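Working notes for the structure below.
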Amino acid sequence: ETGVTQTPRHLVMGMTNKKSLKCEQHLGHNAMYWYKQSAKKPLELMFVYSLEERVENNSVPSRFSPECPNSSHLFLHLHTLQPEDSALYLCASSQETGVQPQHFGDGTRLSIL
Amino acid sequence: QQPVQSPQAVILREGEDAVINCSSSKALYSVHWYRQKHGEAPVFLMILLKGGEQKGHEKISASFNEKKQQSSLYLTASQLSYSGTYFCGTSGSARQLTFGSGTQLTVLP
């Protein structure tokens, strides 16, 4: 139990589908993150939220849409994805943004057909 | 720009030592180390801030040389449980982390 829970663990979707990834943290943290992890590539930071406000958007295509309704929950809404979007999507949280240990969830393995 | 980790992979026997390096081309404020086992979440190991300090976590320690813009992770008397992929994440003035590609460590009995 890492304190950060992601659902679903696995997701297969077609390029025209709309789906959402969910992340919930039980650590009382104020910052939450979405990362993309592709095979043999470094972790790529996608979005950062601090106290429910987006503070970082690393040139992510608009087909990925984050939502942070409160400091415990983070969503990643997906629509019209491409095959190259297949990857492991990791959520993380930390007490604050900046130089803080990040606690990761187990990730959602996304496959685009 | 992402930090460069070396080696990309290392295989060692239980009880042997290993060093993993992380180098950046830009000035660093902090270096973070994580370990990820297959199918699991990355787990935080330690943070080093500029100042050249060395930190330890059981038999795993790390150093940070801000002049050389690099950090090294030292695994002493490795155990089977040390197997996994080790990532360094670096931050500059922007404070957001940029991760290296990882070093896959395999400890054999």
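Any idea which of A:Glu67, A:Glu84 is part of a helix (DSSP H, G or I) and either touching a residue at least 40 places away in the same chain (Cβ under 8 Å) or more than 14 Å from chain B (Cβ to nearest Cβ) (or both)?
Working: A:Glu67 fails: part of a helix (DSSP H, G or I).
Answer to the check: A:Glu84.
Here's a check for you: in the range A:1-33, which residue that is more than 21 Å from A:Leu81 (Cβ to Cβ) and away from every other protein chain (no Cβ under 11 Å) is surrounded by the most Cβ atoms within 10 Å (Cβ to Cβ)?
First, pick out the residues of the range A:1-33 that are more than 21 Å from A:Leu81 (Cβ to Cβ): A:1-5, A:24-32.
Keeping just the survivors that are away from every other protein chain (no Cβ under 11 Å) gives A:24-30, A:32.
Values: A:Glu24: 17, A:Gln25: 23, A:His26: 13, A:Leu27: 13, A:Gly28: 10, A:His29: 20, A:Asn30: 16, A:Met32: 27.
Checked the range A:1-33; the qualifying residue surrounded by the most Cβ atoms within 10 Å (Cβ to Cβ) is A:Met32.
Which residues, counting only those in the range A:95-108, are more than 9 Å from chain B (Cβ to nearest Cβ) and over 16 Å from A:Lys18 (Cα atoms)?
Residues satisfying the conditions are A:Gln95, A:Glu96.
Here are B:Leu49, B:Leu105: which of them is in contact (Cβ under 8 Å) with a residue 60 or more places away in the chain and either in contact with a strand residue (DSSP E or B) (Cβ under 7 Å, 6 or more places away or on another chain) or of a type outside the set (Lys, Arg) (or both)?
B:Leu105
Among the residues of the range B:57-75, write down those that are part of a loop (DSSP other than H, G, I, E, B) and buried (at least 16 other Cβ atoms within 10 Å of the Cβ). Let's see the steps before the verdict.
Narrowing the range B:57-75 to residues part of a loop (DSSP other than H, G, I, E, B): B:58-59, B:66-69.
Scanning the range B:57-75 gives B:Glu66, B:Gln69.
Is there a residue being at pLDDT 90 or above and away from chain A (no Cβ under 13 Å) anywhere in the range B:46-61?
Looking for residues that are at pLDDT 90 or above and away from chain A (no Cβ under 13 Å), one finds at least one in the range B:46-61, hence yes.
Tell me the strands (runs of 3 or more DSSP E) entirely within the range A:1-60 that contain at least 1 residues that are among the small types (Gly, Ala, Ser) and more than 26 Å from B:Gln2 (Cα to Cα).
Answer list for the range A:1-60: A:18-25.
Identify all residues within the range A:34-56 that are at the interface with another protein chain (Cβ under 9 Å from one of its Cβ atoms) and aromatic (Phe, Trp, Tyr); write none if there are none.
Across the range A:34-56, the qualifying residue is only A:Tyr35.
Being more than 13 Å from the chain's Cα centre (by Cα), surrounded by fewer than 20 Cβ atoms within 10 Å (Cβ to Cβ) and farther than 19 Å from A:Ser38 by Cα narrows it down to one of A:Ser111, A:Ser71, so name that one.
Going through A:Ser111, A:Ser71 in turn, the sole match is A:Ser71.
Looking at (1) within 11 Å of another protein chain (Cβ to nearest Cβ); (2) in a loop (DSSP other than H, G, I, E, B), which one does B:Gly15 not meet, given that it meets all the others?
That leaves (1) as the condition not met.
Starting from residues that are hydroxyl-bearing (Ser, Thr, Tyr) and crowded, with 20+ Cβ neighbours inside 10 Å, keep the ones in the range B:92-109 and report whichever is farthest from the other protein chains (Cβ to nearest Cβ).
B:Thr103
The values are calculated or read from the model by the stated rules, or taken from the named source; none is laboratory data. For clarity, every value in this text was computed on a predicted model and none was experimentally measured. Counting neighbours? That spans all protein chains shown, and the Cβs are built from the backbone with ideal geometry, glycine included.
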